[in-house]
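Please treat every number below as a calculation from the coordinates, not as lab data. Remember, it's a predicted structure, so these values are computed and weren't measured experimentally. Glycine gets a Cβ as well: all are built from the backbone with ideal geometry, and neighbour counts include every protein chain shown.
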Amino acid sequence: GNSVTQMEGPVTLSEEAFLTINCTYTATGYPSLFWYVQYPGEGLQLLLKATKADDKGSNKGFEATYRKETTSFHLEKGSVQVSDSAVYFCALLIYNQGGKLIFGQGTELSVKP
Amino acid sequence: NAGVTQTPKFRILKIGQSMTLQCAQDMNHNYMYWYRQDPGMGLKLIYYSVGAGITDKGEVPNGYNVSRSTTEDFPLRLELAAPSQTSVYFCASSYSGLVSGNTEAFFGQGTRLTVV
């Protein structure tokens, strides 16, 4: 079936460290891929997206590239800040099922000063 | 800009009680969704609606009901609360559905429900 797998958390980094959060997916057809972020006590917000193979989504210093050959959409940031502490969700859009988002389990990131 | 508003933010229910989680959006979105978020499990789709008068089941609809009498409102009903329904519930909306991949979903702040 269709699914999204993210790396286990929590991930703890020092400020200015490099961040990678792995995301791989299984899907039929040609899905769109998303990263959502959830700050403490809030709902989810779209961070970035990519709608086709080799697209790169970017926002607020975060980037992710849609890799069809490895079925991956890893999230990266060159220098994290304390304010990036949040839970990050990778998600997959299934075109032929009414536009339903399939989410990964989430990865908690904690950035220490 | 209110966006997607959910009420209540927190609720404790006893087993067998019923309640309605409210969700309203003021963006004139036609697609609306209900998700539940369990620890370490990501979000699971409960029900969704593509417009007023139309609803459909998601991945985990058992124990829930929805209605969509207006474009703005999409309430989620729990008829006989069970401990397995302890979760955080999120409502979301989008303009034309997510089928094209070119529109985003906007989420409410969530309702934390505990069934004891």
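Things to note:
- Of all the residues in segment B:27-48, those that are over 10 Å from the mean Cα position of the chain (by Cα) and more than 10 Å from chain A (Cβ to nearest Cβ) number 4.
- Residue ranges of strands (runs of 3 or more DSSP E) in segment A:1-90 with at least 3 members not polar (S, T, N, Q): A:32-38, A:44-50, A:62-65, A:75-77
- Matching residues in segment A:45-71 - criterion: being more than 24 Å from A:VAL111 (Cα to Cα), hydroxyl-bearing (Ser, Thr, Tyr) and more than 9 Å from every other protein chain (Cβ to nearest Cβ): A:TYR66, A:THR70, A:THR71
- Filter result for the condition that a residue is touching a residue at least 40 places away in the same chain (Cβ under 8 Å) and not small (Gly, Ala, Ser), over B:TYR48, B:TYR35: B:TYR35
- Candidate set: segment B:51-79, residues that are surrounded by fewer than 22 Cβ atoms within 10 Å (Cβ to Cβ) and either free of Cβ contacts under 8 Å to residues at least 12 places away in the same chain or among the aromatic types (Phe, Trp, Tyr) (or both); chosen: the one nearest to the other protein chains (Cβ to nearest Cβ): B:ASP56
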